[in-house]
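Enquirer: Okay, here's the structure, questions in a sec.
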Amino acid sequence: MFVGINGTGKTTTIAKVARLLIKSGYSVVLASGDTYRAGAIEQLDEHAKRLGVRVISHQYGSDSAAVGFDTVQHARAQGIDAVLIDTAGRMQTNRNLMDELTKIKRVVHPSLTIMIIDSLIEMMPQNKR
Ligand SMILES: Nc1nc2c(ncn2[C@@H]2O[C@H](COP(=O)(O)OP(=O)(O)O)[C@@H](O)[C@H]2O)c(=O)[nH]1
Ligand SMILES: [Mg+2]
């Protein structure tokens with residue numbers, strides 16, 4: 001499950017990780033869990049097409065936990081090794097959106113949650129804030 005604020009590279013990183021896994025001999029399916037941002041589903045579809053992997057998606061505005069759940073079920077049924085779950089970007093200050101991530105985790109039980117951040121982010125020492 002890939003999380004982080006908007007535009008930091010979650011979706012792109014999913015494509016990169018999928019490619020790495022495929023090259024290492026693992027089978028992969030993508031979960032189109034960003035059901036919020038315009039074009040997010042098409043963006044992941046395009047990556048999936050180029051990678052030759054399947055992507056499970058619902059409609060915009062649908063529950064991303066359900067997308068994740070369906071994708072894991074698909075992977076189990078088809079014997080696919082890895083499920084990579086995209087999510088919509090969010091800030092940690094938005095309680096509703098953070099609760100949504102908690103729900104996805106509760107429903108899907110991802111084995112790994114990866115936060116994607118901008119590598120050029122300025123890391124301020126605690127005492128200089
Ligand atoms: N320079 C650079 N750009 C990146 C990198 N990863 C993603 N991007 C670009 O950053 C923008 C947002 O990426 P995206 O994967 O859609 O971010 P998301 O909103 O977190 O899913 C796109 O224009 C990407 O091409 C990276 O590692 N380096
Ligand atoms: Mg994205």
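The values are calculated or read from the model by the stated rules, or taken from the named source; none is laboratory data. From a predicted model like this one, the values you see are computed outputs, not experimental measurements. Backbone-built Cβ (ideal geometry, glycine too); neighbour counts: all protein chains shown. Remember, those area values only see protein heavy atoms, side chains included, never the ligands or the DNA or RNA. Shrake-Rupley method; radii C 1.70, N 1.55, O 1.52, S 1.80 Å.
Enquirer: Would you check if PRO110 is open to solvent by 20 Å² or more (accessible area, probe 1.4 Å), more than 16 Å from ligand 1 (Cβ to nearest atom) and modelled with pLDDT under 95?
Expert: Against the criterion (open to solvent by 20 Å² or more (accessible area, probe 1.4 Å), more than 16 Å from ligand 1 (Cβ to nearest atom) and modelled with pLDDT under 95), PRO110 does not qualify.
Enquirer: Follow-up. Might you let me know whether segment 4-11 holds any residue that is basic (Lys, Arg) and either surrounded by 21 or more Cβ atoms within 10 Å (Cβ to Cβ) or at pLDDT below 95 (or both)?
Expert: yes
Enquirer: Looking at segment 38-56, which of the residues that are within 10 Å of ligand 2 (Cβ to nearest atom) and among the small types (Gly, Ala, Ser) is farthest from ALA75 (Cα to Cα)?
Expert: GLY39
Enquirer: GLY61 versus (1) modelled with pLDDT of 95 or more; (2) surrounded by 10 or more Cβ atoms within 10 Å (Cβ to Cβ); (3) not polar (S, T, N, Q): which is the lone unmet condition?
Expert: Exception for GLY61: condition (2).
Enquirer: Go through segment 17-37 and count every residue that is more than 12 Å from the chain's Cα centre (by Cα) and more than 11 Å from ligand 2 (Cβ to nearest atom).
Expert: Total satisfying the criteria: 10.
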